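Data first, discussion second: the structure below is written as structure tokens.
The values are calculated or read from the model by the stated rules, or taken from the named source; none is laboratory data. Note that the structure is a prediction, hence the values are computed from the model and not measured. So basically every Cβ, Gly included, is an ideal-geometry build from the backbone, and we count neighbours across all protein chains shown.
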């Protein structure tokens, strides 16, 4: 129980331990702690920033999407309008073409009728001449009666 | 019971034997080799562990040793910051050293009371007191070192005149100077004495109870020593913590300028 020189020995040991801890143990461990604290804080800040950026990007994406939708619907409307126009145009042209064909056909019919009429007239004339020949029993000189024939022929046209 | 030949017979002899240190020399200039040896080994253990952790310290993912060391350092740092408001590079490492060293001293109490003395007796060592904190020399060595630090910082922060003024004129003003001086001296001297005796008393009593339990029949021993050992885990940690916190508090008082 007595106090003796052990006290001095223990004090020296204690002083050495405290000195060693102060010099070689506390600073590196404490620094690493502080550094990690800083790193974690930075990491958290970065995460927060990233989160905000994501929100911003989402907003932007939504806006772009909306614009694209608007544009596409505009394009569709335009296309429908154009299609209608094209249909109308083609209807018009078809109508015109049809009319033109009808007109041409009518003209052709008229022409053919004229031709048939001509042929018919000639035949009627010759038939009439033949009949007159028969009736008169005498030969009518075609040269002599050319005037009469053409007169009759004209009356038939 | 180891080396009964050297001790008195019976229970008293057993107890006395266990509480006798391994001593060389006579009078004041004698040494308790067991105290010196175990506290040096434990101090080495503490320094080795923390040095290893400090060498591998990274700010990235810490290893197991670093984790544990950092846990202790954070704990100590919080304690120090709570009660000490000055700026000192010494206080926190000092507190860490005190806490760990005292804890390791006290932890020697957790070994079975006869184990290390038995090994010692096999090696020809007759007396072995394994718990350094049951030696007044160890606890006083630490508390007197702390006392010197208190005096040193008091003079450093307040100046010799300021410190002398505080001793003489507080708390009752200059008219009661001798009374003030007496009161202050008692207050200052009470600090290392209470620090040392508190630690010593707790651990000495704890060790004594372990020794008393060891005297009982073997079938009763576990029933008593198990709860006492569990309770002792609390006590050894608490005593180390108290020593550390009081040191920090005393030193912060020394830093306060009135």
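Per-structure values
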quantity: Within region A:5-38, considering residues that are touching a strand residue (DSSP E or B) at 6+ places or on another chain (Cβ under 7 Å) and crowded, with 20+ Cβ neighbours inside 10 Å, the one farthest from residue B:47 (Cα to Cα); calculated: A:6
quantity: Region B:36-64 residues that are at the interface with chain A (Cβ under 7 Å from one of its Cβ atoms), paired with ones that are exposed (fewer than 15 other Cβ atoms within 10 Å of the Cβ) and at pLDDT 85 or above (beta carbon under 6 Å, 6 or more apart); calculated: B:59/A:35; B:59/A:39
quantity: Within region B:17-35, considering residues that are assigned to a loop (DSSP other than H, G, I, E, B) and surrounded by fewer than 14 Cβ atoms within 10 Å (Cβ to Cβ), the one farthest from the other protein chains (Cβ to nearest Cβ); calculated: B:26
quantity: Members of region B:110-132 found to be within 14 Å of chain A (Cβ to nearest Cβ) and within 17 Å of residue B:235 (Cα to Cα), listed by number; calculated: B:131, B:132
quantity: Odd one out for residue A:136, checked against (1) more than 60 Å from the chain's Cα centre (by Cα); (2) surrounded by 10 or more Cβ atoms within 10 Å (Cβ to Cβ); calculated: (2)
quantity: Condition broken by residue A:31, with the remaining ones in (1) at pLDDT below 90; (2) facing chain B (nearest Cβ under 8 Å); (3) under 60 Å from the mean Cα position of the chain (by Cα) satisfied; calculated: (3)
quantity: Residues of region A:1-25 satisfying the condition of being closer than 28 Å to residue B:74 by Cβ and either assigned to a loop (DSSP other than H, G, I, E, B) or at the interface with chain B (Cβ under 7 Å from one of its Cβ atoms) (or both); calculated: A:13, A:14, A:15, A:17, A:18, A:20, A:21, A:22, A:24, A:25
quantity: Candidates B:137, B:106, filtered to the one that is within 14 Å of chain A (Cβ to nearest Cβ), buried (at least 22 other Cβ atoms within 10 Å of the Cβ) and either in a helix (DSSP H, G or I) or on the phi < 0 side of the Ramachandran plot (or both); calculated: B:137
quantity: Residue B:154 vs. criteria under 11 Å from the mean Cα position of the chain (by Cα), modelled with pLDDT of 85 or more and within 30 Å of residue B:86 (Cα to Cα); calculated: no
quantity: Residue match in region A:38-52 (condition: farther than 30 Å from residue B:18 by Cβ, at the interface with chain B (Cβ under 8 Å from one of its Cβ atoms) and at pLDDT below 90); calculated: no
quantity: Filter result for residue B:194 (within 13 Å of chain A (Cβ to nearest Cβ) and either in contact (Cβ under 8 Å) with a residue 60 or more places away in the chain or assigned to a helix (DSSP H, G or I) (or both)); calculated: no
quantity: Residue count for region B:113-140, restricted to those that are over 23 Å from residue A:22 (Cβ atoms) and touching a residue at least 12 places away in the same chain (Cβ under 8 Å); calculated: 18
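Table: residues versus (1) in contact with a helix residue (DSSP H, G or I) (Cβ under 9 Å, 6 or more places away or on another chain); (2) surrounded by fewer than 18 Cβ atoms within 10 Å (Cβ to Cβ); (3) farther than 23 Å from residue B:11 by Cα.
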| position | (1), (2), (3) |
| --- | --- |
| B:204 | yes, no, no |
| B:208 | yes, yes, no |
| B:213 | yes, no, no |
| B:216 | yes, yes, no |
| B:221 | yes, yes, no |
| B:224 | yes, yes, no |
| B:228 | yes, yes, no |
| B:236 | yes, no, yes |
| B:240 | yes, no, yes |
